[in-house]
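I have placed the structure first, in the form of structure tokens, so that the comments after it can refer back to it.
The values are calculated or read from the model by the stated rules, or taken from the named source; none is laboratory data. Note that the structure is predicted; figures quoted are calculated from it, not measured. Here the Cβ is made from the backbone with ideal geometry for all residues, glycine too, and neighbour counts use every protein chain on show. With ligands, DNA and RNA removed, areas are computed over all heavy atoms of the protein, side chains included. Shrake-Rupley method; radii C 1.70, N 1.55, O 1.52, S 1.80 Å.
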Amino acid sequence: MQRIKDILKTKGSSVWSVGPKNTVYEALEIMAEKDVGALVVKDGEKLVGIFSERDYARKVVLIGKHAQDTLIEELMTREVYSVSPGESVEECM
């Protein structure tokens, strides 16, 4: 049975984050630099959301907002689910 820790061994365990007051443009720059599709949103050390390429496509592009002057907190997904490395892929699904 494959566990999350097995996936992280091959994929890597780095987690990149952005603050809720950062702009969408700043987040996109980090995502491009790190070659990731999502960033954890943290207010200090507290997890407050996640911002993904999907959030950008659906909440910025389609409704005509501008990445340079839109804050992450306006568009981030606030309900975040997490798992521990010891959980199986099947349990997570």
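Note that the chain presents 71 Å² accessible area per residue, ligands and nucleic acids not counted, probe 1.4 Å.
With all protein chains in place and a 1.4 Å probe, the accessible surface of the chain carries 51 percent carbon and sulfur. Give the Debye-formula value of log10 I(q)/I(0) at each listed q (0.18 Å⁻¹), with one equal scatterer per alpha carbon of segment 7-93, two decimals each. Values returned for q = 0.18 Å⁻¹ are -0.81. Scan the chain and hand back the longest stretch that contains none of the trypsin sites (Lys or Arg not before Pro) lying in DSSP loops with at most 12 other Cβ atoms within 10 Å. Between exposed loop sites, the widest span is 22-77.
Normalising the Debye intensity of segment 1-55 to I(0), with uniform scatterers on Cα atoms only, and taking log10 at q = 0.14, 0.15, 0.20, 0.25 Å⁻¹ returns -0.42, -0.48, -0.75, -0.99.
Once the mean of 1/r is taken over each pair of separate Cα atoms and inverted, segment 29-78 shows a Kirkwood hydrodynamic radius of 11.3 Å. All other residues whose Cβ lies under 15 angstrom from that of G86 are scored, Lys and Arg at +1 and Asp and Glu at -1, for a net of -1.
Sparse packing (at most 14 other Cβ atoms within 10 Å of the Cβ) combined with a DSSP loop state is found for the following GluC sites (Glu not before Pro) in the chain: E45, E79, E87. The residues neighbouring Q68, those whose beta-carbon lies less than 12 Å from its own, together hold a net charge of -2 under the Lys/Arg +1, Asp/Glu -1 convention.
Annotation note: chymotrypsin sites (Phe, Trp or Tyr not before Pro) in the chain located in DSSP loop regions with a Cβ neighbour count of at most 12 within 10 Å are Y81. For K21, the shell of other residues with beta-carbons less than 13 Å away shows a net charge of -4, using +1 for Lys and Arg and -1 for Asp and Glu.
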